[in-house]
Amino acid sequence: MESKPPKHNGRHVTLPLPDFSGSAEDDQFRSRFIQCLLRQPPPQWPTQIGGEPIPRVLVQYWHDLKNIPNDVQECLASWESLRNQGFTRLIFDDERARLFIGNHFSAAYVEAFDLCYHPAMRCDYFRLCYILRCGGFYVDADEVYQGTGCEAFFSDNKLKIQPLCYDTATDAMVKPEVFLKDTTYPSSRIFYVNNNPIIGPAGHQLIQLAVERATCILLQHSERPEIQSTTGPGNLSASLVNHAITTKLACKEWDFLILPNWECTSISPWSLSYRNDERNWRFLNTPRLTR
């Protein structure tokens, strides 16, 4: 892959996008492409991109609503104040999610959901299906709202997602305030996007790609596919790169925004009880990337 020097645009450092001939299924190309996306000139925000506005509906998920851990319940309760800002709140579990998919998708998608062998995987798959059909504001159940307001996310109808960076040299995540400002571009860093939050309108093409990719992998695998790359951030990252390339080749404006400071809106405490047992997907067949 040819490397081009970064260009300075005032205080912003622009990193040229790599050759579009690469594959989003190639880990190195995908990481490099997302790294370059983060270094594109800041968009003129807000900009409406046709279609419907993003519904003010907060969607969350816990696989068993009758058995929500107390510390997770506290996280969920922190979002209750959004009702005063005109938001509707919806919380799904496995049963409600399966019913939703059955009502809005064909039997193949229900089968794909049933093949998700861990609660986190079912949550991953459901959130994509929900946002595709209904649009809204998905946030993980273990996030704590910081009370900063969410109006800016709804000032246009672009899809909004959060960037992530993992450093193989330190075996640790890199904070956004570090990797978004760093212009040294160490080769040990892996760039991707999270599938939390997902804020977007119904019918967004990027989410369509993510749903179809996950469904295809789930239905075609005879063995249990890896969670992160099948339904989680790896799936959304690959879909983002494919969508960004397709949009650019069509000479259209990108209809997504990568949020640089989600942690100002929400944080996820690490010391939650469920992370110490089988409810934590990281204990299964996951690679070193984390969420």
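All of the numbers you see were taken from the coordinates with simple rules; none came from a lab. What you see is a predicted model, and the numbers here were worked out from it, not measured in a lab. All Cβ positions, glycine included, derive from the backbone under ideal geometry; neighbour counts span all protein chains shown.
Of note:
- Length gained on full extension, LEU99 to GLU212, computed as 0.36 nm times the residue gap minus the Cα-Cα distance: 38.8 nm.
- In this simple spin-label approximation, ALA107 and GLN146 carry label points 7 Å from Cα along the Cα→Cβ vector, and these lie 4.8 nm apart.
- Couplings for the range 95-106, taken from phi via the Karplus curve 6.51 cos²θ - 1.76 cosθ + 1.60 with θ = phi - 60°, read 5, 5, 5, 4, 5, 4, 5, x, 7, 10, 9, 6 Hz in order; Gly and Pro are left as x.
- Gain on full stretching of the segment that runs from GLN85 to HIS221 - 0.36 nm per residue minus C-alpha separation: 44.6 nm
- Residues whose placed amide H lies under 5 Å from that of LEU257, excluding near-sequence neighbours: LEU159, LYS160, ILE161
- Amide H within-cut-off set for ALA141, under 5 Å, with H built and near neighbours excluded: TYR61
- Its Cα centre serving as origin, the range 104-184 has a Cβ charge dipole (Lys and Arg +1, Asp and Glu -1) of approximately 280 debye.
- Modelled label positions at SER188 and GLU52, each set 7 Å beyond Cα in the direction of Cβ, lie 4.7 nm from each other.
- Whole-Hz ³J(HN,Hα) from phi, Karplus 6.51 cos²θ - 1.76 cosθ + 1.60, for the range 58-64, glycine and proline x: 8, 10, 9, 8, 9, 4, 9
- Here the Karplus relation 6.51 cos²θ - 1.76 cosθ + 1.60, evaluated at θ = phi - 60°, turns the backbone of the range 109-123 into coupling constants of 6, 5, 4, 4, 4, 5, 7, 6, 8, 9, x, 5, 5, 5, 5 Hz, with x for every Gly and Pro.
- Put simply, the amide H of VAL193, placed in the peptide plane, has neighbours under 5 Å in LEU164, SER237, leaving out anything fewer than 5 places away on its chain.
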